[in-house]
Each structure stands twice: as C-alpha cells, then as structure tokens.
Amino acid sequence: MPISPTRRRTLIAGSLICVAPALITRAHAATGAVRPLRAPWDSFWFGGYVAAAGLERLGYTVGEPRVMTPAAMFQTLAQGDAEFTMDVVMPSSRVIHETVKDRVELLGPTVEPGSVAGYLIDKATAEKHGIRNITDFQKPEVATLFAEGADKRARLIGPGAGWNDEKRALDDINRLGLKDTVNLVIGEYNVMVADVVARQRAGKPVFFYAWFPNIATVELMPGREVVWLEEPGSDPKLAFQNVPGCASQQDSCNTGWSSTTYYVGGNTAWLDANPSARKFLSALRMQLNDRVEQNLLMVKGEKRERDIERHAAEWIKANQAAFDGWVESART
C-alpha cells in the first residue's frame, strides 16, 4: 500500500491552504479530500493507514498524516483544518476533548480491550531491593538507585510534552510526597524511552512511564525485563486483573492509572457531511494483540514509513472479510 502521488500532493497542498480554514473546510467536503492527523508516538500509526485504506475504498483522497500533540490535534480538528485521527487515547485526553466536544466527535472504541498504563522499573532492581510500589520512592535509599549525576533524586521518564498525561504525572509526584526524591523528566518521549531501553540493556536501573503496548513495553516486556509499580490507596476500580509483570506478583495490579481506551476523533461537521466516512470509522475494530504484534515488528527494525504501511496492508489482508464488511456497510 505505497503512498500514491495524489496523497503526497495533498500533504504539500495542506501547507499552502491553511491560511483560510473556513474556505478550505468547504472545499474538502466538496472534493472528498481528507487530512489525517497522528500522535507523536508511533505505536498505532499503522491503524491510521488501515483507516486511510478504507476511506480510499469509499472514494476519498487521503493525504499524508501530520504529527501533532493531542492538544494540537483536538484544536486542529475543531477548527476544521483536519478531518480525523486514530490516536485519541481516553481518559488521557478527556480534559482536552471536553473543551471542543461540540466540534470533535469520538467514534469507537477502535481497540478492545483497553490497555494497562503506569510506572515501571527494571525487574532486576525491583527484585534485588524489594521495590513494589511507587511510594517506595519516598525513601532516599531507593531514589538514589535511579539517580544520575549529582542529582540524588530518581530520574523518572514521564509522558511526552503536550500529552496532558504529563500533568497527571506531576500531580502524582506532588500528591504522593515524591517531590524531594523524584525528578520527573518531560520531553520527546520516543527519544527518551529509546535511552531507557539502552540503559536497561546495559544493566542500569530504569524508571519510566509507559502503557502496553508501546515502543518501550514491547521491547522491555513487563514480567521479563520490567515490572509495573502499584500505587497504594488507589481506587480499587482501577485495578487490572491478571496483568503480567506486576511488581507485587499478585493477580490484581493497581497502577493508579485508568485503563487506556482508543478512539477515532473526527471533525463533527465533516462527519455530518460524510455519513459513509462516519459509518466506516465507527465500525473499524482491532484487537489489542494486533497492536502488540505490529509493535514487535517495529522493534525488529521494520519501522520505516513504508514498513508501517505494509503492516497495515497485511493486517487488512488477514482481516479481509471484516474490512470489506465495514466498507460495504458504510456505503449504505
């Protein structure tokens, strides 16, 4: 499923036409051109190509995706400067979506079941020092195990800047009394977790935020190289059952974070004007394991854009009957 010349031209045109959003919204509705968005993390980029393939079957011309933070994506969708994204993660983006919910509609969920999220450390350090909970980092002797340089605080790799999750992580640091012992590092997530992987491979302690699956947790597998930390006193409803790699080694694991659920986000006016697109994007479904398998391919080196497009084409072929059914139902 290579990128067509038309789709490449759409990306170039997109950089020229953003000066008149109102006019462009009408033009796009009339011509059937679609401008997708995607998040800075790449763990579900292949899902965007699956969606694009379905929309193209319905007669739309889909441009190349633009990468934006969740906050920027919602604003861009609300302004009519893009049509859809496959990268809406709830409840992480709930606060952001609330501000534009009259103009941005959520379809789905697209991936079930939801996935576990929270803080992880390397398994070797957890077992050697008996670290089970995030509150263990209140102890200076635990924090210094994960310190770097002159700073004696533990270095925690947090969510990416602009995700909204970084605000939750900062709140955790303050609420759990960790400000004096934990240094929350916010930056380019993919770059930072690549360093996490390298450090763990070198036998060094690591402490980071992640979800499963993502580019970090399919390489550093929970239960094998890393473990999930629990948060004592969290709402029991947040507990995950039978989660591999819980530091407490219990069947129930409460990381303090809600299960992450994935949705399509679409410009409401565009969806209203394009019922076939709404039907298809609403129907599109994947299993969580589909993401795991594709992310593993990326870890093995198949992470170029053309690789990700090929993964999408292979997924469609493996799920052809369901995919064709979504397309045909959308036409009625």
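Here, each number is a calculation from the coordinates, and none is a lab measurement. What you are looking at is a predicted structure, and each value in this text was computed from that prediction instead of being measured. We place every Cβ from the backbone using ideal geometry, glycine too, and count neighbours over all the protein chains shown.
Please state the equivalent ellipsoid semi-axes for the range 240-332: what are the square roots of 5 times the Cα gyration tensor eigenvalues, largest first, in whole Å?
Each semi-axis is √(5λ); the values are 31, 20, 13 Å.
Treat every Asp and Glu Cβ in the range 115-263 as -1 and every Lys and Arg Cβ as +1, leave all other atoms uncharged, and give the resulting dipole magnitude about the Cα centre to the nearest 20 debye.
180 debye
Give me the mean projected area, in nm² to one decimal, of the convex hull enclosing the Cα positions of the range 117-253.
7.7 nm²
Projected onto the charge dipole of the chain (+1 at Lys/Arg Cβ, -1 at Asp/Glu Cβ, origin at the Cα centre), which of His311, Ser282, Tyr263 gives the Cα projection farthest towards the positive end?
His311
Could you please report the charge total around Asp180, scoring K, R as +1 and D, E as -1 over all other residues with beta-carbon less than 13 angstrom from its beta-carbon?
Numbers: positive: Lys139, Lys152, Arg153, Lys179; negative: Asp151.
For residues surrounding Asp180, the net value is +3.
To check you understand DSSP bridge types, tell me what percent of the beta bridges within the range 117-253 (both residues inside) are antiparallel, rounded to 5.
Percentage antiparallel, nearest 5: 60.
Would you mind checking the tilt of helix 288-299 against the longest principal axis of the Cα atoms of the chain, expressed as 0 to 90 degrees and rounded to 10?
80 degrees
If we count other beta carbons within 10 Å of each Cβ, what is the order of Asp42, Asp122, fewest first?
Details: Asp42 18, Asp122 24.
Ascending number of Cβ neighbours within 10 Å: Asp42, Asp122.
Return the FRET efficiency for the residue pair Thr135, Leu296: r is the Cβ-Cβ distance, R0 is 30 Å, and the value is rounded to the nearest 0.05.
0.35
If you plug each phi of the range 35-43 into the Karplus form 6.51 cos²θ - 1.76 cosθ + 1.60 with θ = phi - 60°, what whole-Hz ³J(HN,Hα) values come out, in order, with x for Gly and Pro?
Using θ = phi - 60°, the values come out as 10, x, 10, 8, 7, x, 7, 9, 6 Hz.
Between Gly325, Pro236, Ser115, whose Cα lies farthest towards the positive end of the dipole of the chain when Lys and Arg beta carbons carry +1 and Asp and Glu beta carbons carry -1, centred on the Cα centre?
Farthest along the dipole direction, towards plus: Gly325.
At 4 °C and 1.567 mPa s, grab the translational diffusion coefficient of the chain from Stokes-Einstein with a Kirkwood Rh over Cα pairs, rounded to a whole number in µm² per second.
Roughly 62 µm²/s, to the nearest whole number.
Along the range 239-255, what does the Karplus equation 6.51 cos²θ - 1.76 cosθ + 1.60 (θ = phi - 60°) give for ³J(HN,Hα), rounded to whole Hz, x for Gly and Pro?
So the J values, rounded to whole Hz, are 5, 9, 9, 6, 8, x, x, 7, 4, 6, 6, 9, 5, 9, 10, 10, 7.
Round to the nearest 10 and give me the degree value, 0 to 90, for the angle of helix 5-17's Cα axis relative to the longest principal axis of the chain.
So the inclination is approximately 80 degrees.
With each run of n ≥ 4 DSSP H residues scored as -39500 (n - 2.57), what mean residue ellipticity at 222 nm is computed for the chain after dividing by its residue count and rounding to the nearest 500 deg cm²/dmol?
Numbers: 14 runs with 139 residues, N = 332.
That calculation yields -12500 deg cm²/dmol at 222 nm.
Could you size up the charge dipole of the chain around its Cα centre, putting +1 on the beta carbon of Lys and Arg and -1 on that of Asp and Glu, and report it in debye to the nearest 20?
Rounded to the nearest 20 debye, it is 540 debye.
Arrange the following residues from fewest to most other Cβ atoms within 10 Å of their Cβ: Thr217, Thr144, Thr181, Thr268. If you can, show how the numbers build up before the last one.
Values: Thr217 25, Thr144 14, Thr181 22, Thr268 18.
Neighbour counts put them in this order, fewest first: Thr144, Thr268, Thr181, Thr217.
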